[in-house]
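Enquirer: Can you read through this structure? Questions will come right after.
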């Protein structure tokens, strides 16, 4: 349910809510928040709350530090836990300049702009991400909480109660869940959210991650969305199902096509494939992300598409008669440590560029790409995703599509931050080097 400003004020008073948390993210997708007492709710929804933007990653410089967080009443919800016995709530904020204009460094605003871009052409963008994560004893002890595998139950799956409580909290905040299960890796789990429009989903992803972590913390454990926390087992992905609708009609569906895909659906896939390497820095933004994107652990490495072949980057789930609205494409490389506002933006604009440019869709890849030789992949024209963050940075830096999707401010600040991260990472001496080279060099 969405609320108006007047309804929010009324609910806060009637339910005697003491504090409202105002949420937003920096350009890397790190959640930020401050709380206001209930008596400030009217002023906050009218004019916003000022804060120092120079202390937020990728926001303003010190001499331009004044920013305004304007709560979005439609995102109001009562949180499923209390503070000192009192009800608390949250709202996501749009970040504004002091003059009230939208701030170009706000990831939520950037997603809104991209949704408006396709909206002017008659489309609504829907997404359904599958976020995977691990449970550990603590942030200092990356030992899997259980020895379970894909779809296991007790006694192997020790995360059942944690997932149940998480789902209960998600449902209480108005976030519908499709299902949950133990994933392939020991201690690895997945809770899938029901698809919705991309802006609502980006807000839901941020709420989801906080609830997963909070439930684990309250039970004495630690939940992480780190893409590859353990060597030798599968990393965590955020496979993102996506579709475009015209009103209530799925623009990707064609009942007479052998794949049940419309031309626009095929163009969209072709757009994702053509720009996949350039958007990877946003969908996989950490040095650790590229420890997951390696052959052998079910993560996509090669730029290709297929229906049943899960080694492909883009998968088209099999059509079920009578389920035309479920026709969609699944983009498999993103990981759950991305900024969802920016990741959804670049995926949308990459796919939509295919529609606008009527990109030709390459042939489907039916065989297991991991088992092909380099020569076979080259002959089929199958490229690889970036091998590390530095390659991804360079590909993004030369891409006008990503620059347009993110806007000049976030594009520049995001790359600056990633270059700093890469410089810090490449100077580190790892345990691998000490173990393998110190004894012989």
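The values are calculated or read from the model by the stated rules, or taken from the named source; none is laboratory data. Because the structure is a prediction, the values reported are computed rather than measured. A quick note on method: Cβ atoms are made from the backbone with ideal geometry, for glycine too, and the neighbour counts reach across all protein chains shown.
Enquirer: Is there a residue being touching a residue at least 24 places away in the same chain (Cβ under 8 Å), in a loop (DSSP other than H, G, I, E, B) and in contact with a helix residue (DSSP H, G or I) (Cβ under 8 Å, 6 or more places away or on another chain) anywhere in the stretch 261-279?
Expert: Among the residues of the stretch 261-279, not one is touching a residue at least 24 places away in the same chain (Cβ under 8 Å), in a loop (DSSP other than H, G, I, E, B) and in contact with a helix residue (DSSP H, G or I) (Cβ under 8 Å, 6 or more places away or on another chain), which makes the answer no.
Enquirer: Continuing with this model, one more query. For the stretch 297-315, name all the residues that are over 27 Å from residue 209 (Cβ atoms) and either surrounded by fewer than 23 Cβ atoms within 10 Å (Cβ to Cβ) or not assigned by TED's automatic domain parsing to the domain that holds residue 371 (or both).
Expert: Within the stretch 297-315, 302, 306, 307, 308, 309, 311 meet the criteria.
Enquirer: Among the residues of the stretch 104-122, how many are assigned to a loop (DSSP other than H, G, I, E, B) and within 21 Å of the chain's Cα centre (by Cα)?
Expert: 3
Enquirer: Let me ask something additional. So which residues in the stretch 231-250 are under 21 Å from the mean Cα position of the chain (by Cα) and farther than 30 Å from residue 262 by Cα, if there are any at all?
Expert: Hits for the stretch 231-250 are 234, 235, 236.
Enquirer: Take the conditions touching a strand residue (DSSP E or B) at 6+ places or on another chain (Cβ under 7 Å), surrounded by fewer than 17 Cβ atoms within 10 Å (Cβ to Cβ) and part of a strand (DSSP E or B) and apply them to residue 35. Does it pass?
Expert: So residue 35 passes the test.
Enquirer: Follow-up question, since we're still on this one. Identify, by number, the condition in (1) outside any helix (DSSP H, G or I); (2) surrounded by fewer than 22 Cβ atoms within 10 Å (Cβ to Cβ) that residue 291 doesn't meet.
Expert: (1)
Enquirer: Mind listing whichever residues of the stretch 294-314 are at negative phi, out of contact with any helix residue (DSSP H, G or I) (no Cβ under 8 Å at 6 or more places or on another chain) and touching a residue at least 60 places away in the same chain (Cβ under 8 Å)?
Expert: Scanning the stretch 294-314 gives 297, 300, 306.
Enquirer: Further, regarding this structure: Within the stretch 327-351, how many residues are touching a strand residue (DSSP E or B) at 6+ places or on another chain (Cβ under 8 Å) and farther than 23 Å from residue 227 by Cα?
Expert: Of the residues in that region, 3 qualify.
Enquirer: Would you point out which residue out of 361, 395, 385, 406 is more than 30 Å from residue 107 (Cα to Cα) and surrounded by 18 or more Cβ atoms within 10 Å (Cβ to Cβ)?
Expert: 361
Enquirer: Output the residue which, of all residues in the stretch 163-177 that are closer than 21 Å to residue 2 by Cα and without any contact (Cβ under 8 Å) to a residue 40 or more places away in the chain, is surrounded by the most Cβ atoms within 10 Å (Cβ to Cβ).
Expert: Among residues in the stretch 163-177 that are closer than 21 Å to residue 2 by Cα and without any contact (Cβ under 8 Å) to a residue 40 or more places away in the chain, the one surrounded by the most Cβ atoms within 10 Å (Cβ to Cβ) is 175.
Enquirer: Let me ask you something else. Outside the structural domain of residue 410 (by TED's automatic domain parsing), closer than 30 Å to residue 337 by Cβ and in contact with a helix residue (DSSP H, G or I) (Cβ under 9 Å, 6 or more places away or on another chain), is that true of residue 56?
Expert: It is false that residue 56 is outside the structural domain of residue 410 (by TED's automatic domain parsing), closer than 30 Å to residue 337 by Cβ and in contact with a helix residue (DSSP H, G or I) (Cβ under 9 Å, 6 or more places away or on another chain).
Enquirer: Hey, any hits in the stretch 215-238 for a residue that's in a strand (DSSP E or B), crowded, with 21+ Cβ neighbours inside 10 Å, touching a strand residue (DSSP E or B) at 6+ places or on another chain (Cβ under 6 Å) and in contact (Cβ under 8 Å) with a residue 24 or more places away in the chain?
Expert: Looking for residues that are in a strand (DSSP E or B), crowded, with 21+ Cβ neighbours inside 10 Å, touching a strand residue (DSSP E or B) at 6+ places or on another chain (Cβ under 6 Å) and in contact (Cβ under 8 Å) with a residue 24 or more places away in the chain, one finds at least one in the stretch 215-238, hence yes.
Enquirer: Being free of Cβ contacts under 8 Å to residues at least 12 places away in the same chain and over 27 Å from the mean Cα position of the chain (by Cα) is true for just one of 50, 85. Which residue is that?
Expert: On inspection, the qualifying residue turns out to be 85.
Enquirer: When residues of the stretch 62-87 are filtered for being in contact with a helix residue (DSSP H, G or I) (Cβ under 9 Å, 6 or more places away or on another chain), assigned to a loop (DSSP other than H, G, I, E, B) and modelled with pLDDT under 90, how many remain?
Expert: So the answer is 1.
Enquirer: Would you pick out the residues in the stretch 183-197 that are in a strand (DSSP E or B), touching a helix residue (DSSP H, G or I) at 6+ places or on another chain (Cβ under 8 Å) and either modelled with pLDDT under 85 or under 29 Å from residue 118 (Cβ atoms) (or both)?
Expert: If the condition is that a residue be in a strand (DSSP E or B), touching a helix residue (DSSP H, G or I) at 6+ places or on another chain (Cβ under 8 Å) and either modelled with pLDDT under 85 or under 29 Å from residue 118 (Cβ atoms) (or both), then 191, 193, 196, 197 are the ones that fit.
Enquirer: Still on this structure, I have one more. Looking at the structure I just gave you, is residue 322 at pLDDT 95 or above, over 25 Å from residue 209 (Cα atoms) and surrounded by fewer than 23 Cβ atoms within 10 Å (Cβ to Cβ)?
Expert: no
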